[in-house]
Amino acid sequence: MKYLSLLAFLVLLLSCEKSHTVYVDEFPIDSTITDVELENYINRSYIAILNRKPSEDERISSFLNLSTDPYDRSLRGNFIEELQSASRARWVAWQMLSDRILDGLDTSSLSADIERYESFVAASSNVSELEYWQALRDRSLRHYAAYQGWLQGDSSYTALNRCMFRMPAYDEINMGTENFVVSVYQHAFHRYPTDAELSEAISIAEHNWSTLYGSNGNSKEDFLRIITQQNEYWQGLIITLFEQYLYRAPDTHEVLYYLSRLNTDWGYSEMQHHILTSSEYVKS
C-alpha cells in the first residue's frame, strides 16, 4: 500500500510539470521531403529570387547538391546565397517592391520620366513652373540614385522604400494628402491609421509642425522617416515576406523573433534567406 501511494504521488508530480514549447526551428527532422518537393523547391527559389526558372544544367546541379542531404539547412543556405549573389537578384527585389507600391513601374519608365521632367525644366517659362518640374525631377533622381545604390549594395531596403514612396508616380496613384498617408500605412504597416495617427500624419505631410510617435516633423520626408523608424515598419516587412513566400501571416512568436533580428544585425536579404531555407518553405 505504501508503494502504491508513492507511485501515485510520483505520477501526480510528473503531471504537474510545465509543458515545453517546441519552436518551429526545433522540430524533429521531417523524413518525408521527396525528390518532387526538392525539384519544386529549386524552381520556386529561382523564381522567388531571380524571377525565372533554372536552366536544365542549373536544375540538375542544384538537385545533385541538395539531394545529398535534403534536411541539411546549411546546404539550402549555400544554394540561396548563391542565388542572392547574382546581380539580377537585387533588381528582382526592386521590381517586386515596385509592383506592390507603384503598380509595376519599371526602370525604363523611371528613366523616361526623368528625361521628360528635364525637358519640362528646360521649357519652363516662369519661376513657379520651373520649381514644380525641378521638384519632380529631383525626386525621381533621388529614387534612381537609391535604386542604383541598392543594386550595388550601398543603399538599404528602407532607403529604397522611402524613395519609392516619394516618387511622382506614387502621388499620381494616391492623389491628395489623406490618400497618400493612408496608402503609406497600408504598404508599411499593413493597416489603416487610427484617427489620431491620420490627423497628425496629414498635418506633418502638409508642412505643419506636428508630433507622431514622439517625433516631430513638417514634411512628407519627415513623415516617412518617422514611419520607417517604427518597429511596426519591420513587422510590416515580416508580414510581407511571410505572405509572399509562405502564404500565411506570421504568429506572435515569429514576429518577435524576426523583430529582434531586424533590430540588430539583419536586413531584407537576411530575412529572405532565413525564410527560403526553412523546412516549411521547402514543403510549401
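Residues in the stretch 236-254 that are more than 18 Å from Gln84 (Cβ to Cβ), touching a helix residue (DSSP H, G or I) at 6+ places or on another chain (Cβ under 6 Å) and either part of a helix (DSSP H, G or I) or in the same structural domain as Ala93 (by TED's automatic domain parsing) (or both): Gly236, Ile238. Is it the case that the stretch 159-171 has a residue that's at pLDDT 95 or above and under 19 Å from Leu110 (Cβ atoms)? Looking for residues that are at pLDDT 95 or above and under 19 Å from Leu110 (Cβ atoms), one finds none in the stretch 159-171, hence no. On the given criteria, is Tyr281 surrounded by 17 or more Cβ atoms within 10 Å (Cβ to Cβ), touching a His at 6+ places or on another chain (Cβ under 9 Å) and not in a loop (DSSP other than H, G, I, E, B)? So Tyr281 does not fit the description; no. Scanning the stretch 189-205 turns up one or more residues that are touching a Gly at 6+ places or on another chain (Cβ under 6 Å), without any contact (Cβ under 8 Å) to a residue 24 or more places away in the chain and farther than 28 Å from Met271 by Cα. If I filter the stretch 180-187 for residues that are part of a helix (DSSP H, G or I), touching a residue at least 60 places away in the same chain (Cβ under 8 Å) and within 25 Å of the chain's Cα centre (by Cα), do I get at least one hit? Within the stretch 180-187, one or more residues are part of a helix (DSSP H, G or I), touching a residue at least 60 places away in the same chain (Cβ under 8 Å) and within 25 Å of the chain's Cα centre (by Cα).
Please pick out the residue among Leu160, Leu224 that is within 20 Å of Leu136 (Cβ to Cβ), within 13 Å of the chain's Cα centre (by Cα) and assigned to a helix (DSSP H, G or I). Before you say what the answer is, go through the steps one by one.
On the way: Leu224 fails: within 13 Å of the chain's Cα centre (by Cα).
Answer to the selection: Leu160.
Inspect all residues belonging to the stretch 257-276 and state whether any of them is out of contact with any Gly (no Cβ under 9 Å at 6 or more places or on another chain), farther than 30 Å from Ala86 by Cβ and modelled with pLDDT of 95 or more. No, the stretch 257-276 has no match at all.
Only one residue in Ile33, Ile101, Ile47 is under 22 Å from the mean Cα position of the chain (by Cα) and buried (at least 16 other Cβ atoms within 10 Å of the Cβ), so which one is that? Spell out how you get there, then give the answer.
On the way: Ile33 fails: under 22 Å from the mean Cα position of the chain (by Cα); Ile47 fails: buried (at least 16 other Cβ atoms within 10 Å of the Cβ).
After applying the criteria, what remains is Ile101.
Selection of the stretch 258-269 for residues being of a type outside the set (A, V, I, L, M), surrounded by 14 or more Cβ atoms within 10 Å (Cβ to Cβ) and free of Cβ contacts under 8 Å to residues at least 40 places away in the same chain yields Tyr258, Arg261, Trp266.
The values are calculated or read from the model by the stated rules, or taken from the named source; none is laboratory data. As the structure is a prediction and not an experimental result, all values here were calculated from the model. No Cβ is skipped: glycine too gets one built from the backbone with ideal geometry, and neighbour counts run over all protein chains shown.
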